[in-house]
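First up is the structure itself, then whatever we jot down about it.
Quick note: the coordinates plus some simple rules give every number you see, no bench work behind them. Since we're looking at a predicted model, the values are computed, not measured. So basically every Cβ, Gly included, is an ideal-geometry build from the backbone, and we count neighbours across all protein chains shown.
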Amino acid sequence: MKCRKCGAKAAIHMPQHRLALCKEHFLEWVPEQTERFIRKYNMFRREERILVAVSGGKDSLSLWDILWRLGYQADGLYIALGIDEGIRYSAESQRLTEQFAAERGLKLHIVDVERETGFPIPVLARKTMRGQGKPCAVCGLVKRHEMNRIARDLGYDVLATGHNLDDEVAVLFGNTLNWSVEYLLRQGPVLPEEPGLARKVKPLCRFYEREMTAYALLRGIEYIYEECPFAVGSTSIAYKELLNRLENERPGAKLSFYLSFLEARQRGLFREPQEVRQALHLCPSCGQPTSAPGLCSFCRLVSRVKSSPSQTITIPNLENR
Ligand code: AMP
Ligand code: FES
Ligand code: ZN
Ligand code: ZN
């Protein structure tokens with residue numbers, strides 16, 4: 001297979017785009033495409049300040065690298081979750097993120113969940129869910145809240161995450177199976193700013209996961225290969241496997257599912273239920289929106305764990321998950 005641009009040996013073949021490129025042209029193509037998506041979906045302008053949420057994984061580090069190469073003003077935010085039993089997932093991802101920022105002279109903010117709430121994520125989840133289930137829901141809630149808090153408090157115009165097409169399509173698939181109209185309405189490359197909430201963008205939402213892996217490897221970005229240990233067996237991984245089988249049979253199926261959804265939504269296929277639109281309250285403690293009057297879920301969680309009597313907490317045994 002030969003590079004479409006120069007005829008040299010291709011480093012990647014992307015049947016879904018009927019395109020093969022050599023290393024050099026692929027590393028040019030990715031930022032060019034990203035710039036095209038940033039403009040197409042009106043994500044942000046040159047003069048705006050961007051906060052990139054970086055997990056230490058290939059997608060968010062690549063996103064930061066791409067925005068830096070494109071000349072955007074992009075600082076990083078790493079949330080230290082304290083998931084460190086077994087493989088030291090958080091410690092290692094923080095090390096790689098700090099290394100990435102230092103190599104490029106980029107500014108990185110670090111938020112430590114244990115310092116903010118009193119406990120690392122596994123303990124926080126254990127305390128609030130009485131040991132049932134995985135910490136992913138609590139973790140998602142804390143991450144969303146903290147990303148938004150830092151973006152707002154430090155005056156960033158926009159918060160960017162590294163979600164790729166495979167992530168977006170897996171979520172879309174789940175929301176479609178359940179016909180969750182409220183979620184379908186809010187899913188997309190841009191979530192506009194609202195009172196108490198920063199604008200959120202996903203500049204990589206049209207890149208296949210495979211393309212992002214290739215980008216990170218070809219750019220020599222050192223990232224954490226392991227998934228979060230709690231992700232094992234998650235529904236989203238099962239959906240991704242299912243969708244990969246579909247993609248193998250029909251190259252381009254994932255992209256077309258996503259793009260057709262965006263088009264249908266733009267044509268007004270989904271309408272916001274009246275009661276959702278009216279239900280905007282601001283949390284009296286942190287100022288972020290809530291669905292009911294009173295403290296938001298994050299502030300309720302923190303006040304509950306801070307007021308609970310100290311006790312011995314057993315860390316979940318990761319091997320059994
Ligand atoms: P995930 O929910 O783990 O698939 O991550 C989705 C996106 O959220 C990543 O691409 C990052 O932009 C962001 N993210 C995930 N974990 C962290 C973290 N610990 N700190 C900062 N950003 C994160
Ligand atoms: Fe939060 Fe896995 S990253 S539980
Ligand atoms: Zn080439
Ligand atoms: Zn709150």
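Figures for the structure shown
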{"read-out": "Residues with amide H under 5 Å from that of residue 52, placed H, sequence gap 5 or more", "value": "75, 76, 77, 160"}
{"read-out": "Rounded FRET efficiency, nearest 0.05, which uses the C-beta distance separating residue 109 from residue 267 and R0 of 30 Å", "value": "0.15"}
{"read-out": "Estimated inter-spin distance, residue 182 and residue 221, nm [label 7 Å along Cα→Cβ]", "value": "3.3"}
{"read-out": "Estimated vicinal HN-Hα couplings, Hz - region 208-223 in sequence order (Karplus 6.51, -1.76, 1.60; Gly, Pro = x)", "value": "5, 3, 4, 5, 6, 4, 4, 4, 4, 5, 5, 7, x, 7, 8, 10"}
{"read-out": "Global geometry of the chain, whether rounded, prolate or oblate, following the gyration tensor of its Cα atoms and the 1.5 cut on a/c", "value": "prolate"}
{"read-out": "Distance from region 168-225 to region 110-157 (C-alpha centre basis), Å", "value": "20"}
{"read-out": "In order through region 15-31: 3J(HN,Hα) via Karplus (6.51 cos²θ - 1.76 cosθ + 1.60), integer Hz, x for Gly, Pro", "value": "x, 5, 10, 6, 9, 10, 9, 7, 4, 4, 6, 5, 5, 8, 5, 4, x"}
{"read-out": "Interchain or long-range residues, amide H under 5 Å from residue 12's placed H", "value": "21"}
{"read-out": "Region 169-220: projected area of the alpha-carbon convex hull, averaged over directions, in nm²", "value": "4.9"}
{"read-out": "Rounded to whole Hz, the Karplus (6.51, -1.76, 1.60) HN-Hα couplings of region 135-152, x for glycine and proline", "value": "x, 4, 5, 4, 4, x, 4, 5, 4, 4, 5, 6, 4, 5, 4, 5, 4, 6"}
{"read-out": "Length gained when the stretch residue 194-residue 238 is fully extended (0.36 nm per residue, less Cα-Cα span)", "value": "12.6 nm"}
